[in-house]
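Working notes, beginning with the structure itself.
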2 protein chains.
Amino acid sequence: MDTSYTKNIKEEALKLIKQIDNSENPNLQILRRSLNNVFFDNDKKIIKLGDKKETRNYFNINQAKKFMQTLKILAQINENLEKKTPNISTRQLFYMTRGIIENSNEECFEDQSESDPIIEDVEVILDTLREELGLIATPDGYFVGDIKVKDLVSGDLLDYTKMGSGGGAIPAIVEKDVYDIIECKAKFVVVLEKFAVWNILNQTKFWKKHNCIILTGKGQAGRSARRLLTRLSNEMKLPVYVLTDLDPWGYYIYSVYKQGSISLAYFSEKSSVPTAKYIGMTTKDIIKYKIPKSSWMKLKDIDYKRIKEIKKYDWFQTKEWQRELTRLEEFKYKVESDAFVTKSVDFVVNEYLPDKIRRQDFLP
Amino acid sequence: MDTSYTKNIKEEALKLIKQIDNSENPNLQILRRSLNNVFFDNDKKIIKLGDKKETRNYFNINQAKKFMQTLKILAQINENLEKKTPNISTRQLFYMTRGIIENSNEECFEDQSESDPIIEDVEVILDTLREELGLIATPDGYFVGDIKVKDLVSGDLLDYTKMGSGGGAIPAIVEKDVYDIIECKAKFVVVLEKFAVWNILNQTKFWKKHNCIILTGKGQAGRSARRLLTRLSNEMKLPVYVLTDLDPWGYYIYSVYKQGSISLAYFSEKSSVPTAKYIGMTTKDIIKYKIPKSSWMKLKDIDYKRIKEIKKYDWFQTKEWQRELTRLEEFKYKVESDAFVTKSVDFVVNEYLPDKIRRQDFLP
């Protein structure tokens, strides 16, 4: 773990001591993470935090507890970094910081729902990701393809062409200083929403024939799957194509890989792939490839409601996406990518994907 | 995929044709999977199906649809096996069999909740597991340790001492004919309920120091994690120790690894580790190892209710477990295994586990 972060934490602490010495109200300046400071950057095509700051004061009845909680989390992270402890989860950090504050009757955190937002604050204060502070989210997802990584923690050389039928697990931390991509011969990445679809591509070695990486986050993308994809795009310059279900939830999963999410705007700046393309499924695909009607599912009220919401998001304001969203409303059915098998089990491998990629038939 | 299953499917079909030729009511004999045919085998210490059979008739208003659905699923599985298609998920099989039955107005399956129980029937009819019929459940979980596996599908040699900080992914299918354990020098297995605890053990290379396998199913154990553990116990003769949270949900996760579950009684016969031991956490551990009270969480009504239910299960009828369950009720708190870090991040690695294992301090 990079010890420069303990230096940054100490700088924050020194600022506070100076404020106390000057008889000022001790305070922390934190970029606001509330909705009114989150925006879609139309140039960079990512969701990011604005520059509005908030002040967290010690002498303020409404802010004193959060001030104290922030220092407690900073102190614990600092201690862990200095002791070079193994990485821990945010729940474990919650337990480490729970309990009565020394020399007080104040309970620091009752519930993890209090400590998690403070961790996000700390990421913003230190301008880093929790992963660099030794904090992990439970990872999920697998990938394979012609790429080799040196794991600088375990010392292992990981060859993702030799990961067996299970594929390579996406680790909790995929940052450059611990997870060093030393070779990548693959030419592009196909991201699959569904494990079952990824699994067909893996079994048939689609990735070998087309010299690509295939990756699944198993539904909603987790933090490390998004970070890994971002690195494959930024550092390896690989084009990224995303295949999801044809429904508003699938469209949204694509958009999180591409430009991030409002709720994690700070993370999104560092974990987005603005050049990603939506390979499918689209309403047009269903007709063009004659996906049998027996696999269509009627859209429900909740789906229509979600389509309307998505239509309003800044990052869906392209004519292609507005048209697609209207088409889905008119089409009245959703079609899961699992349903490709109704054509034949290898249809997605031998026809759909090669054809879409050859014709570069994508949504932006 | 073993083609003997297509032979078995054809035998079932031939029986039906013979019944038709004899002008009998075509019918299938299926072991009952309902509660009144599930029992705990006190000798073998596993949950299993009894031998009560039910007859599914074609000429019976209440059974005709299920009869038809069963044949449809059998026919589709047979076709997939004959064509040697890649393995698919139960949802994909649902899509392949959905839609109007030929020459009828009958919808075969409206919802996957109709096809899933039929798949379980088919496993029982053919006396096999769905995995051997080319059907997968989405896998979850990781493991590492001194064990080498030849993946007979991909041809890869998998060395689980060299899997990096992410660990080895547990594949969807870990059956012997595709996933061949060719060497195992590890001496026992530690199963961790929580990924975050497993991750500390992996980072500190606990498995190397103690020459064991560490495995996590990330909460509730999935099918392939249970199958893998069963093989490590049966074929490699490795002792299995399970570490879960101190709460009724943790106890139950242990019991599923050990003797299976009522809802999947048929699978449980083939996926249980009757010799598994419960390493912790126990009520005694909390006191003995002085786990700080700041990490205890008050038991809620739903927890007390679950303790009472578990107390009645046949497989918790040992004096040790009855005592532990009563102690937890009296203790009034649950303690998650994530809370070990309140002692120190490496407490579980350097003190708790080595001490418990050295003293063989387990619950049965």
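The values are calculated or read from the model by the stated rules, or taken from the named source; none is laboratory data. On a predicted model such as this, the values are computed, not experimentally measured, just so you know. Heads up, the Cβs are rebuilt from the backbone with ideal geometry, glycines too, and the neighbour counts pull from every protein chain shown. What goes into the accessible areas is simple: the full protein's heavy atoms, side chains included, and nothing from ligands, DNA or RNA. Shrake-Rupley method; radii C 1.70, N 1.55, O 1.52, S 1.80 Å.
Observations on the structure shown:
- Residues in the stretch A:61-104 that, when all protein chains are in place, have 30 Å² or more less accessible area than the chain alone would give (probe 1.4 Å): A:Pro86, A:Asn87, A:Arg91, A:Gln92, A:Tyr95, A:Met96, A:Arg98
- The C-alpha atoms of chain A define a longest principal axis, and helix A:319-331 lies at about 70 degrees to it.
- Take the stretch B:4-136 with all the other protein chains still there, run a 1.4 Å probe, and you get 51 Å² of accessible area per residue.
- Between the alpha-carbon centres of the stretch B:41-104 and the stretch A:62-119 there is a gap of 52 Å.
- Diffusion of chain B by Stokes-Einstein, at 4 °C in a medium of 1.567 mPa s and with Rh set to the Kirkwood radius over alpha-carbon pairs, works out to 58 µm²/s.
- Label-to-label distance, nm, for residues given as A:Tyr333 and B:Ala75 (7 Å Cα→Cβ offset): 2.1
- Links that overshoot a 30 Å alpha carbon limit, given the list B:Lys148/B:Lys290; A:Lys205/B:Lys48; B:Lys205/B:Lys237; A:Lys194/B:Lys84: B:Lys148/B:Lys290; A:Lys205/B:Lys48
- Just so you know, the Rg over Rh for the stretch B:1-123 is 0.99, from Cα atoms, with Rh as the Kirkwood radius.
- Sequence-ordered 3J(HN,Hα) estimates for the stretch B:94-101 from the Karplus curve with 6.51, -1.76 and 1.60 and θ = phi - 60° stand at 4, 5, 5, 10, 6, x, 6, 5 Hz, glycine and proline given as x.
- Residues B:Glu11 and A:Asn350, FRET efficiency given R0 of 30 Å [Cβ-Cβ distance, rounded to 0.05]: 0.35
- Normalised by the number of residues in chain B, the mean separation of alpha-carbon contacts (under 8 Å, six or more apart) gives a relative contact order of 14 percent.
- Crossing angle, helix B:112-125 versus chain B [Cα axis fit, 0-90 degrees, rounded to tens]: 90
- q = 0.07, 0.11 Å⁻¹, the protein assembly as shown: log10 I(q)/I(0) [Debye, one scatterer per Cα]: -0.55, -1.34
- In nm, spacing of pseudo-spin labels at B:Asp116 and A:Asn22 (7 Å Cα→C-beta vector): 6.2
- Label-reachable residues, the stretch A:174-214, where backbone N falls under 20 Å from a point 7 Å from A:Ala137's Cα toward its Cβ: A:174-179, A:191-195
- Shown are A:Glu120, B:Glu110, A:Glu131, whose ranking by accessible area with a 1.4 Å probe and every protein chain present, most to least, is B:Glu110, A:Glu120, A:Glu131.
- Axis-nearest residue in chain A [Cβ, rotation onto B], distance in whole Å: A:Ala169, 2
- When only Cα pairs below 8 angstrom with a gap of at least 6 residues are kept, the stretch A:142-358 shows a relative contact order of 18 percent.
- J(HN,Hα) series, the stretch A:228-234, from Karplus relation 6.51 cos²θ - 1.76 cosθ + 1.60, nearest Hz, glycine and proline x: 4, 4, 4, 5, 4, 6, 6
- Short-range pairs are left out: with C-alpha atoms under 8 Å and at least six residues apart, the relative contact order of the stretch B:4-136 is 24 percent.
- Positive-end residue, chain B charge dipole about Cα centroid, Cβ charges, pick of B:Trp207, B:Ala13, B:Gly50: B:Trp207
- Heavy atoms of B:Glu107: accessible area, 1.4 Å probe, square angstrom to 10: 60
- Relative to the other identical copies, B:Thr55 shows label-point distances of 8.6 nm, where the label point lies 7 Å from Cα along the Cβ direction and values run shortest first.
- Only helices enter this figure: runs of n ≥ 4 DSSP H residues, each worth -39500 (n - 2.57), summed and divided by the residues of chain A, yield -11500 deg cm²/dmol at 222 nm to the nearest 500.
- Summed buried accessible area for A+B [probe radius 1.4 Å, Å², rounded to 100]: 4400
- Helix A:301-312 axis, angle to chain A major axis (alpha carbon atoms, nearest 10°): 70
- Whether the stretch A:142-358 is rounded, prolate or oblate, judged on the alpha carbon gyration tensor where a/c under 1.5 counts as rounded: oblate
- Taken over the stretch B:204-323, the alpha-carbon convex hull comes to 136 cubic angstrom per residue.
- Using a Förster distance of 25 Å, the FRET efficiency for B:Asn36-B:Ser4 (Cβ separation, nearest 0.05): 0.20
- Placed amide H near A:Ile46: partners under 5 Å, 5+ positions off or other chain: A:Asp41
- Highest mobility in the GNM of chain A, judged by mean-square fluctuation with C-alpha springs under 10 Å and restricted to A:Gly167, A:Gly222, A:Gly155, is found for A:Gly155.
- Other-chain or far-sequence residues with amide H under 5 Å of A:Glu54's (modelled H): A:Ile30, A:Leu31, A:Arg32
- Rounded to the nearest 10 square angstrom, B:Val124 shows an accessible area of 10 square angstrom against a 1.4 Å probe.
- Here A:Gln112 yields copy-to-copy label distances, from shortest upward, of 2.5 nm, the label point defined as 7 Å from Cα along Cα to C-beta.
- Computed E for A:Lys45/A:Ile287 - FRET, C-beta separation, R0 30 angstrom, nearest 0.05: 0.55
- Each other copy places its own label point for A:Lys209 at 4.8 nm from this one, sorted shortest first, where the point lies 7 Å along the Cα-to-beta carbon line.
- GNM top mover of B:Asp111, B:Asp43, B:Asp301 - chain B, alpha-carbon springs below 10 Å: B:Asp43
- Gained length - A:Ser263 relative to A:Ser104, 0.36 nm times residue gap less alpha-carbon distance: 53.9 nm
- Derived scalar couplings ³J(HN,Hα) [the stretch B:342-356; Karplus, 6.51 cos²θ - 1.76 cosθ + 1.60; whole Hz; x for Gly, Pro]: 5, 6, 5, 4, 9, 4, 5, 7, 8, 10, 4, 5, x, 5, 4
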